[in-house]
Amino acid sequence: MFTGKQLKNILEKADIMPAAEFEKFSSEAAKFGKNPENYLIEKKIVTANSLYESAAGYFKVPFINLKDQIVRKDILLNIPEPIASTHQIIAFSADGKQIKIACLNPEDLEIFEFIKKKTNLEPKIYLTTPDSLDEALKQYHKNLKAEFKELANENLETGDANLKKLAENLPVVRIVDTLLEYAIFEGASDIHIEPEEKDLLARYRIDGILRTVMTLPKNVQPGIIARVKILANLKVDEHRLPQDGRFKINTKDYRVSFRVSVIPTFDGEKVVMRLLNEKAQILTLEQLGLQPSAMEVIKRNIAKPHGMTLVTGPTGSGKTTTLYTILNILNTPEVNIITIEDPIEYRMPHVNQSQVNPKIGYTFATGLRAFLRQDPDIIMVGEIRDQETAEIAIHAAMTGHLVLSTLHTNDAVTTLPRLSDMGVPAFLVATTTNIIVAQRLIRKICTNCIQSYKLDKQAVEELKQQLDLGNILQTLEKKKIIIDAKRGIESLLFYRGKGCKQCSDTGYKGRLGIYEVLEITEEMSELILKKASPAELKKQAEKQDMLTIVEDGFIKAKNGITTIEEIMRVTKE
């Protein structure tokens, strides 16, 4: 599907239609809520073939019609099926040096580079029509169906040896390899393999949202689960108890660890694999998406010789990434840094990283106790989960160590009562805590299909019911994001993604954090000692000019980084 601008240029260059006529048809299409390309083909103003042949000339690539062309299986499988269908491409011919690829978007350079690395062949790009490509893509299913039939005919018992044999079956190995490889390429954080009554579902979590990538027949379920278990070194014949394991994939392009969890469900065992990219670059505070004022507070407080820095938020909100970013700043040859984590997510040079193992009694608390005998300057504790860990961490912060840790709370202010609930005396919280960073992860608008719009009356009313818009607008004015808060939110331009091939029609690509950074000043310490209510603590935080998570989100929405819908999605409690 071409963009409006591309379509206009293609038709004009091929002398099919002048620009003025295209504009007329384009506004007609908009009235019917249709895409201009589809509208022109439906109205028989152009045929798909003539349009795509002209487009091939515009993009300076050859045109090919794949209808009735049978592709050899070994050539077809150079591109895994999920990649072929998502990116709308297919390999149809190859020799020792070159691989010929038909596609709908000759400018998808990232995917062509991926295929070049994967196959060691030079891609030659052809343009084809959507119908022709759909027809060719059906060949994947024919091939898989034939292989699945063979699998079904083998009729294996579910004994240990037979399950191992099933896991080594070529189609099973290929499906699992494809799922793993494609997940790495798409930047997924988790792979879910979910048994249902009649089929097996494979879903990826990309940018925090789950999406289905494959629906497989039920008869491949035992083989696929067994294959993952073998990779993760788990018991193949254990189906009634949860199991945890891990494995790694190393290539010259990536080094990824997979943390595997298997649980029994009504329709069979469910597998979730968490992907940890060991080659992932440690980010800077700027790249995390912190506002300049919040960044100053963090830099000032992590430069202190002792005390506690706490990062809070729900699971999967990027807390560990923030801690590693801070650790990276502190990681100099003059200091001894020790971490205790569950599990170790990134390897850091010159940092002594230790992983908990509850099975043998090595918990956060026991690890922390041992650490204090290791002459540390900086200690990172993966998570404060209980009173014992909280107390040791706070005592370590009191006795001259810099302690970094995470907690599960919804915002910065409620972290203080949460520590008190754990049984930590208020005077210890007040004297040892330096800063609390609360955060969420938001999806960024896809820069390829971003468009601006103004909020309609209904959207404004809905926002008013959920948020204090007056306060938010005043903050935006104070931060010089808008000129006049009195004009109201309906006067402001916001942004969203229309949806395109580059973002799989979601309108979003990539993620960024939104934050609130609470500094424990003398005034805040006094309130904690008096056991002030969260409302009083919040008032003091406002006096200190702390941006709330929602305010930070609105700044990013106004600046075209994310959408209001996304801010509401991640901040609703």
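Among the numbered conditions (1) in a helix (DSSP H, G or I); (2) surrounded by fewer than 13 Cβ atoms within 10 Å (Cβ to Cβ), the only one that LEU463 does not meet is (2). Summed over the range 533-568, the residues that are touching a residue at least 60 places away in the same chain (Cβ under 8 Å), more than 22 Å from PHE427 (Cα to Cα) and part of a helix (DSSP H, G or I) give a count of 15. With respect to SER452, is the statement that it is in a strand (DSSP E or B), touching a strand residue (DSSP E or B) at 6+ places or on another chain (Cβ under 6 Å) and open to solvent by 10 Å² or more (accessible area, probe 1.4 Å) true? So SER452 fits the description; yes. Taking the range 369-389 as the range and being under 16 Å from GLY307 (Cβ atoms) and under 30 Å from the mean Cα position of the chain (by Cα) as the test, the residues that pass are ILE378, ILE379, MET380, VAL381, ILE384. The residue list GLU181, GLU194 contains one member that is within 30 Å of VAL570 (Cβ to Cβ), open to solvent by less than 60 Å² (accessible area, probe 1.4 Å), among the charged types (D, E, K, R) and in a strand (DSSP E or B), which is GLU194. When we screen LEU275, LEU201 for residues that are in contact with a His (Cβ under 9 Å, 6 or more places away or on another chain) and not β-branched (Val, Ile, Thr), the only hit is LEU201. Residue-level analysis places SER50 outside the set of residues that are touching a residue at least 12 places away in the same chain (Cβ under 8 Å), in a strand (DSSP E or B) and open to solvent by 10 Å² or more (accessible area, probe 1.4 Å).
Could you check, for the range 377-385, whether at least one of its residues is of a type in the set (Gly, Ala, Ser), modelled with pLDDT under 95, farther than 30 Å from SER293 by Cβ and buried (at least 20 other Cβ atoms within 10 Å of the Cβ)? No: zero hits.
So that you can scan it fast, the table gives a plain yes or no per residue for (1) of a type in the set (Ser, Thr, Tyr); (2) more than 30 Å from ASP177 (Cβ to Cβ):
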{"residue": "THR47", "(1), (2)": "yes, yes"}
{"residue": "ASN65", "(1), (2)": "no, yes"}
{"residue": "GLN69", "(1), (2)": "no, no"}
{"residue": "ILE75", "(1), (2)": "no, no"}
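In the range 279-286 there is at least one residue that is in contact with a Lys or Arg (Cβ under 6 Å, 6 or more places away or on another chain), without any contact (Cβ under 8 Å) to a residue 40 or more places away in the chain, open to solvent by 40 Å² or more (accessible area, probe 1.4 Å) and outside any strand (DSSP E or B).
If a residue has to be in a loop (DSSP other than H, G, I, E, B) and of a type in the set (Gly, Ala, Ser) to count, how many in the range 352-387 make the cut? So the count comes out to 2. Beta carbons closer than 6 Å, at least 6 apart along the sequence or on distinct chains, pair a first residue in the range 454-476 that is in contact (Cβ under 8 Å) with a residue 24 or more places away in the chain with a second that is of a type in the set (D, E, K, R) and open to solvent by 70 Å² or more (accessible area, probe 1.4 Å) for LEU455/GLU490; VAL460/GLU490. Taken together, the criteria place LEU276 among residues that are touching an Asp or Glu at 6+ places or on another chain (Cβ under 6 Å) and either among the acidic types (Asp, Glu) or outside any loop (DSSP other than H, G, I, E, B) (or both). For the range 71-98, the candidate set comprises residues that are assigned to a loop (DSSP other than H, G, I, E, B) and polar (S, T, N, Q); within that set, the residue that is surrounded by the most Cβ atoms within 10 Å (Cβ to Cβ) is GLN88. Only one of the numbered conditions (1) farther than 30 Å from PRO349 by Cβ; (2) modelled with pLDDT of 95 or more; (3) open to solvent by less than 60 Å² (accessible area, probe 1.4 Å) is violated by VAL220, and that is (2). Just one of (1) open to solvent by 30 Å² or more (accessible area, probe 1.4 Å); (2) within 30 Å of GLU53 (Cβ to Cβ); (3) at pLDDT below 80 fails for ASN155. It is (2). Would you check if there is a residue in the range 58-69 being touching a Leu at 6+ places or on another chain (Cβ under 6 Å), open to solvent by 10 Å² or more (accessible area, probe 1.4 Å) and touching a residue at least 60 places away in the same chain (Cβ under 8 Å)? Yes, the conditions are met somewhere in the range 58-69.
Can you pull out the residues in the range 501-515 that are farther than 17 Å from VAL550 by Cβ, open to solvent by 20 Å² or more (accessible area, probe 1.4 Å) and touching a residue at least 60 places away in the same chain (Cβ under 8 Å)? LYS501, GLN502, SER504, THR506, TYR508, LYS509, GLY510, ARG511 - these are the residues of the range 501-515 that are farther than 17 Å from VAL550 by Cβ, open to solvent by 20 Å² or more (accessible area, probe 1.4 Å) and touching a residue at least 60 places away in the same chain (Cβ under 8 Å).
Taking into account only those residues within the range 127-136 that are out of contact with any Leu (no Cβ under 7 Å at 6 or more places or on another chain) and open to solvent by 30 Å² or more (accessible area, probe 1.4 Å), which is nearest to PHE185 (Cα to Cα)? Of everything passing the filter in the range 127-136, ASP134 is nearest to PHE185 (Cα to Cα).
This table checks each residue for (1) closer than 20 Å to ILE298 by Cα; (2) of a type in the set (S, T, N, Q); (3) open to solvent by 10 Å² or more (accessible area, probe 1.4 Å); (4) touching an Asp or Glu at 6+ places or on another chain (Cβ under 7 Å).
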| site | (1), (2), (3), (4) |
| --- | --- |
| GLU388 | no, no, yes, no |
| VAL403 | yes, no, no, no |
| HIS408 | yes, no, yes, no |
| VAL413 | yes, no, no, no |
| PRO417 | no, no, yes, no |
| ALA430 | yes, no, no, no |
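A Cβ distance below 6 Å, combined with a sequence gap of six or more or placement on separate chains, defines the contacts here; from the range 518-532, residues that are closer than 19 Å to THR548 by Cα reach residues that are assigned to a loop (DSSP other than H, G, I, E, B) in the pairs LEU518/ALA412; LEU518/MET546. So, of the residues in the range 481-500 that are part of a helix (DSSP H, G or I) and of a type outside the set (Asp, Glu), which turns out to be most open to solvent (accessible area, probe 1.4 Å)? Going through the qualifying residues, I end up with LYS486.
Annotation: ASN336 fulfils all but one of (1) at pLDDT 95 or above; (2) surrounded by 20 or more Cβ atoms within 10 Å (Cβ to Cβ); the unmet one is (2).
Selection over the range 223-237 of residues that are open to solvent by 40 Å² or more (accessible area, probe 1.4 Å) and out of contact with any helix residue (DSSP H, G or I) (no Cβ under 6 Å at 6 or more places or on another chain) gives a count of 3. Under the condition of being assigned to a helix (DSSP H, G or I), under 18 Å from LEU133 (Cβ atoms) and open to solvent by 70 Å² or more (accessible area, probe 1.4 Å), the residues counted in the range 27-47 number 0.
The values are calculated or read from the model by the stated rules, or taken from the named source; none is laboratory data. Just so it is clear, the model here is predicted, and its values are computed rather than measured. All Cβ positions, glycine included, derive from the backbone under ideal geometry; neighbour counts span all protein chains shown. Just so you know, the surface numbers come from the protein's heavy atoms only, side chains and all, with ligands and any DNA or RNA stripped out. Shrake-Rupley method; radii C 1.70, N 1.55, O 1.52, S 1.80 Å.
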